[in-house]
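The values are calculated or read from the model by the stated rules, or taken from the named source; none is laboratory data. Keep in mind that what you see is a predicted model, and the values were worked out from it rather than measured. Cβ coordinates were reconstructed from backbone atoms using ideal geometry, including for glycine residues, and neighbour counts include every protein chain displayed. Just the protein is used for accessible areas: all its heavy atoms, side chains included, with ligands, DNA and RNA removed. Shrake-Rupley method; radii C 1.70, N 1.55, O 1.52, S 1.80 Å.
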Amino acid sequence: MITFFDIPCRTMGRAWSPNTWKVRYCLNYRSIPYHTEWVELSDIEKLCTTRGIPPSKINSEGQKSYTLPAIYNSDDGTYVSDSATIMRYLDGIYPQRPLAFPKGTVVLQTAFLSAFVPKVLAPLWSVIVPAVAMNLNPRSKVYFENTREITFGRSIKGLDEDVAGRDASWARFKAGLGDIDRWISRSEDASPHAEVHDHVFVMGSEPVFADFVIAATLAYMRNVWGEESVEWKEVQGWHGGRWARFAGSLRKYERVV
Ligand SMILES: N[C@@H](CCC(=O)N[C@@H](CS)C(=O)NCC(=O)O)C(=O)O
């Protein structure tokens, strides 16, 4: 049985993180049995070091990053961290189900992620951070504010009050999603005989790792700002409604168990 470590918050459904959502979509889509163990953001490093969960990154100075998502497989006693590494591990132990990394796609999907983060996730990040802080449980909120203020070099309040900065980041976020929309459209143009709905996803009709990355980002903003928020409504109208269709087609894989 898989234990999935996720980070709680006060929004409906508790799950919010754009990183943990990727793996939750994958587990649900692939019908892999699992249960969630909730870990406050402020307790992740302690959890990882006490249980032996590997760091998701070690920088050139040898500094380790302990992050979620992570999983534990009680069948073989393995702990795995980092969403892409987790999905490759799950592909390995459940090879008979639709794969997150179909054969030959690791390089291209890794390249997709390295384009997606600066184009889409990073600009959204600076706009959404104040709302994330508001939604966290008290202990994690203090931890989040302290650590993110160091990352941004300014207070969360200052970030929230910088209307021009927010507008510029929001425009970059829209442009980034516009690039992804064009990439998927080109793939539609290249297969004129396919039905339009065959190309909801990056590789066609079945979602893969790259789709879980996109879907997790959309779930993140929809959960943090709310279904009825102006931000989520605006995004649903962009790029011919692509993101409303995209999120809608993965909605049934948002179970939180
Ligand atoms: N590359 C990692 C990144 C994971 C990540 O950054 N997770 C954040 C939550 S969204 C985290 O656990 N942060 C720990 C902290 O801030 O102490 C992945 O894809 O799993």
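Would you list, by chain and number, the aspartates and glutamates whose Cα falls below 18 Å from the Cα of residue 252, excluding same-chain residues fewer than 8 positions away?
198, 206, 211, 227
Can you compute the charge dipole magnitude of segment 2-93 about its Cα centre, using +1 on each Lys and Arg Cβ and -1 on each Asp and Glu Cβ, nothing else charged? Give it in debye, rounded to the nearest 20.
Working: 10 positive and 10 negative charges, 49 e Å.
Value, rounded to 20: 240 debye.
Helix-only estimate, please: 222 nm mean residue ellipticity of the chain, summing -39500 (n - 2.57) across DSSP H runs of length 4 or more and dividing by its residues, to the nearest 500. Don't skip to the answer; put the middle values down first.
On the way: 11 runs with 136 residues, N = 257.
Theoretical 222 nm ellipticity from helices: -16500 deg cm²/dmol.
Report, to the nearest whole %, how much of the accessible area of segment 2-93 belongs to carbon and sulfur atoms, 1.4 Å probe, protein only. Before the final figure, lay out the partial values.
Details: 1810 of 3910 Å².
Solvent-exposed carbon and sulfur of segment 2-93 make up 46 percent of the total.
For segment 108-257, which whole-number percentage of the solvent-accessible area (1.4 Å probe, protein heavy atoms only) is attributable to carbon and sulfur atoms?
Numbers: 4220 of 7310 Å².
Carbon and sulfur together cover 58 percent of it.
Can you pull out the trypsin sites (Lys or Arg not before Pro) in segment 57-125 that DSSP calls coil and that have at most 12 other Cβ atoms within 10 Å? Provide the component values of the computation, followed by the final result.
Working: sites: 57, 64, 88, 103, 119; in loops: 103.
Taking segment 57-125 and a limit of 12 other Cβ atoms within 10 Å, the loop trypsin sites (Lys or Arg not before Pro) found are 103.
Where both partners of a DSSP beta bridge lie in the chain, what percent of those bridges are antiparallel, to the nearest 5?
Details: 12 of 17 bridges.
Among the beta bridges of the chain, antiparallel pairing accounts for roughly 70 percent.
How big is the charge dipole of the chain about its Cα centre, in debye rounded to the nearest 20, if each Lys and Arg gets +1 on its Cβ and each Asp and Glu gets -1 on its Cβ?
Values: 30 positive and 29 negative charges, 31 e Å.
Roughly 140 debye for the chain.
What whole-number volume per residue, in cubic angstrom, does the convex hull of the C-alpha atoms of segment 41-160 give? Each step should come with its number before you reach the end.
Numbers: hull volume 18.1 nm³, N = 120.
Spread over its residues, the Cα hull of segment 41-160 gives 151 Å³ apiece.
Output the Cα-based Rg and Dmax of the chain in Å, rounding Rg to one decimal and Dmax to a whole number.
18.2, 54
Hey, what's the Cα Rg ratio for segment 90-143 versus the globular rule of thumb, 2.2 N^0.38 Å?
Details: Rg = 17.1 Å, N = 54, 2.2 N^0.38 = 10.0 Å.
Computed over Cα atoms of segment 90-143, the ratio equals 1.70.
Run the numbers for residue 174 and residue 151: contour at 0.36 nm per residue of separation, minus the present Cα-Cα distance, in nm. Provide the component values of the computation, followed by the final result.
Numbers: separation 23, 0.36 × 23 = 8.28 nm, distance 2.29 nm.
Extra length from residue 174 to residue 151 when fully extended: 6.0 nm.
How much length is gained if the chain between residue 186 and residue 110 is pulled fully straight, taking 0.36 nm per residue apart and subtracting their Cα-Cα distance, in nm to one decimal? Don't skip to the end; give the middle numbers.
On the way: separation 76, 0.36 × 76 = 27.36 nm, distance 1.96 nm.
Between residue 186 and residue 110, full extension yields an extra 25.4 nm.
Residues of segment 29-146: accessible area per residue at 1.4 Å, in Å²? If you can, show how the numbers build up before the last one.
Numbers: 5870 Å² over 118 residues.
Spelled out: the 1.4 Å probe surface of segment 29-146, per residue, equals 50 Å².
Working only with C-alpha atoms, what are the Rg and Dmax values of segment 18-74, expressed in angstrom?
Cα only, segment 18-74: 12.7, 39 Å (Rg, Dmax).
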